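Structure, as structure tokens:
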Amino acid sequence: NAGVTQTPKFRVLKTGQSMTLLCAQDMNHEYMYWYRQDPGMGLRLIHYSVGEGTTAKGEVPDGYNVSRLKKQNFLLGLESAAPSQTSVYFCASSYLWSGEAFFGQGTRLTVV
Amino acid sequence: TQLLEQSPQFLSIQEGENLTVYCNSSSVFSSLQWYRQEPGEGPVLLVTVVTGGEVKKLKRLTFQFGDARKDSSLHITAAQPGDTGLYLCAGAQTGANNLFFGTGTRLTVIP
């Protein structure tokens, strides 16, 4: 009963490098989300998906891209990392768009 | 602009004390959720309140949704060290595409 699994858990990038964060859920949820969490800012939505093959921008989408090729997977990409993208990233999924959100354990990303 | 403001931002209390955390907004929400997040983990849902004035109890935790559905409070009775964590409120709005999370209250209960 894994729920939502994120990989990797930690990563250090140099400015300008690229990477992909992976999120997998085994609950057959339609809705998936990527948030970033910064001190004093709460959780801010980066991108979300309402189903396989669909993606949409959230509150802070600049510098990120996403893909949902399979229902159970939601990928977050950083094409050219910047220090401002240093944060903890959380993936979440839900059965309904405003229903209970199930979160992964987070990815702590540092861009130097 | 932060839709949901939580207060206090930090709270440190002794075991056995009572406390209240507030979640306030000028916007109306169709429902409001409370999550608790422990270090190194993602947030976990505690409760969802839907009706204005609604009160829900979860053991020593009491959640209330404001009559106008713009605010909520979380009251903990006889706090225990296991209550330590970051408490987040999150609001859903009709027609919006995501939950709006509050700024969080970091609670520390000292044994």
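Do we find that residue B:109 is open to solvent by 60 Å² or more (accessible area, probe 1.4 Å), modelled with pLDDT of 95 or more and at negative phi in this structure?
Criteria not met by residue B:109.
Could you go through the range B:77-97 and let me know if any residue there is within 28 Å of residue A:108 (Cβ to Cβ), at the interface with chain A (Cβ under 10 Å from one of its Cβ atoms), open to solvent by 10 Å² or more (accessible area, probe 1.4 Å) and in a loop (DSSP other than H, G, I, E, B). The answer is yes; a qualifying residue exists.
Please specify each residue of the range A:10-59 satisfying the condition of being of a type in the set (A, V, I, L, M) and open to solvent by 10 Å² or more (accessible area, probe 1.4 Å). I'd like the intermediate steps shown before the answer.
Step one: list which residues in the range A:10-59 are of a type in the set (A, V, I, L, M), which gives A:12-13, A:19, A:21-22, A:24, A:27, A:32, A:41, A:43, A:45-46, A:50, A:56.
Residues satisfying the conditions are A:12, A:19, A:22, A:24, A:27, A:41, A:50, A:56.
Hey, among the residues in the range B:42-73 that are open to solvent by less than 30 Å² (accessible area, probe 1.4 Å) and hydroxyl-bearing (Ser, Thr, Tyr), which one's nearest to residue B:100 (Cα to Cα)? The residue in question is B:72. Does the range B:12-31 include one or more residues that are closer than 25 Å to residue A:3 by Cβ and of a type in the set (Gly, Ala, Ser)? Yes: one or more hits. Of the strands (runs of 3 or more DSSP E) contained entirely in chain A, those carrying at least 2 residues that are over 23 Å from residue B:35 (Cβ atoms) and more than 9 Å from chain B (Cβ to nearest Cβ) fall at A:10-13, A:19-25, A:65-67, A:73-78, A:107-111. Residue count for the range A:1-21 satisfying the condition of being touching a strand residue (DSSP E or B) at 6+ places or on another chain (Cβ under 6 Å) and under 13 Å from residue A:93 (Cα atoms): 4. Tallying residues that are in contact (Cβ under 8 Å) with a residue 60 or more places away in the chain, open to solvent by 60 Å² or more (accessible area, probe 1.4 Å) and within 13 Å of residue B:106 (Cβ to Cβ) within the range B:1-41 yields 3. Annotation note: of B:69, B:36, the sole residue that is touching a Pro at 6+ places or on another chain (Cβ under 8 Å) and more than 10 Å from every other protein chain (Cβ to nearest Cβ) is B:36. The set of residues from the range A:86-112 being open to solvent by less than 20 Å² (accessible area, probe 1.4 Å) and more than 16 Å from residue B:44 (Cα to Cα) comprises A:87, A:107, A:109, A:111.
The values are calculated or read from the model by the stated rules, or taken from the named source; none is laboratory data. This one's a predicted model, so the numbers in the text were calculated from it and none came from an experiment. Neighbour counts are summed over all protein chains in view; Cβ atoms, including those assigned to glycine, are modelled from backbone coordinates with ideal geometry. Each accessible area value is taken on the protein alone, full model and side chains, heavy atoms only, with ligands, DNA and RNA left out. Shrake-Rupley method; radii C 1.70, N 1.55, O 1.52, S 1.80 Å.
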